[in-house]
Amino acid sequence: MTETNELEEFEGKQEAPSKLVEEKKDASSKVAETKQEAPAKIKNHIYALRTTANREDQVMDFLTSNVTKKRLEVYAVIRPHGMRGYIFLEAKSKAEAEQASFSVPYARGILANEIDYKEIEHMLEQVKREMNIQKNDIVEIISGAFKRENAKVTRIDKSKEEVVVELLEAAVPIPITLKMDAVKVIRREGGDEDTE
């Protein structure tokens with residue numbers, strides 16, 4: 001194989017971390033020398049996958065199993081909190097994202113346009129805020145099966161960000177474990193109102 005054929009064949013590959021350079025030392029022998037170049041920055045793309053509302057977790061499970069089975073170049077599967085009906089995929093190409101979502105139950109299809117990172121950045125970066133909840137506080141449950149019910153805080157687990165509450169209007173006090181963001185303080189033990 002001649003020197004030009006080898007270089008043409010090598011340059012035909014898209015992602016080449018090194019470049020083969022041949023030098024002629026004398027007329028009868030050639031010595032190959034490898035020079036390392038900086039790897040080319042790979043631009044990943046973000047695509048939105050429409051799903052059936054409230055089935056996002058199931059679609060994520062099917063997607064991740066598809067990606068591992070088929071060894072696709074999908075780098076992240078993102079389900080932003082509070083956004084229903086959409087999952088975001090970070091993949092090498094749209095074809096890889098479509099292949100990952102192919103024959104997945106509850107997946108409706110990849111949107112035609114690519115999503116900019118700036119469009120979903122605010123959904124991804126969770127801001128930690130200090131929750132001011134204390135034992136014996138009266139809280140209102142703002143999500144879940146007991147939505148709009150008042151309860152009394154009996155225990156707080158700050159490491160897991162959970163609270164254990166007992167419903168005020170229940171005949172028998174049953175402890176219910178909820179996430180801290182699922183309750184809102186409406187009255188302190190001392191009787192002062194909370195202005196959140």
Review point. Can you spot a residue in region 102-119 that is surrounded by fewer than 12 Cβ atoms within 10 Å (Cβ to Cβ), outside any helix (DSSP H, G or I) and at pLDDT below 90?
Key: no
Check your understanding: Just checking, how many residues over region 132-166 are touching a Lys or Arg at 6+ places or on another chain (Cβ under 8 Å) and either basic (K, R) or on the phi < 0 side of the Ramachandran plot (or both)?
Key -> 17
Revision key, fill the gap. Taking region 89-101 and keeping only residues that are in a strand (DSSP E or B) and out of contact with any helix residue (DSSP H, G or I) (no Cβ under 6 Å at 6 or more places or on another chain), one is left with E90
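Looking at region 40-51, which of the residues that are under 14 Å from I115 (Cα atoms) and among the charged types (D, E, K, R) is surrounded by the most Cβ atoms within 10 Å (Cβ to Cβ)? If you could, list the steps in order and put the result at the bottom.
Step one: filter region 40-51 for residues under 14 Å from I115 (Cα atoms), giving 43-50.
Subsequent filtering for residues that are among the charged types (D, E, K, R) retains 43, 50.
On the way: K43: 6, R50: 16.
Restricting to residues being under 14 Å from I115 (Cα atoms) and among the charged types (D, E, K, R), the top hit is R50.
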Review point. Of all residues in region 52-89, how many are surrounded by 18 or more Cβ atoms within 10 Å (Cβ to Cβ) and of a type in the set (D, E)?
Key: 1
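The values are calculated or read from the model by the stated rules, or taken from the named source; none is laboratory data. In this text the structure is predicted, and so the values were computed from the model without any measurement. Heads up, the Cβs are rebuilt from the backbone with ideal geometry, glycines too, and the neighbour counts pull from every protein chain shown.
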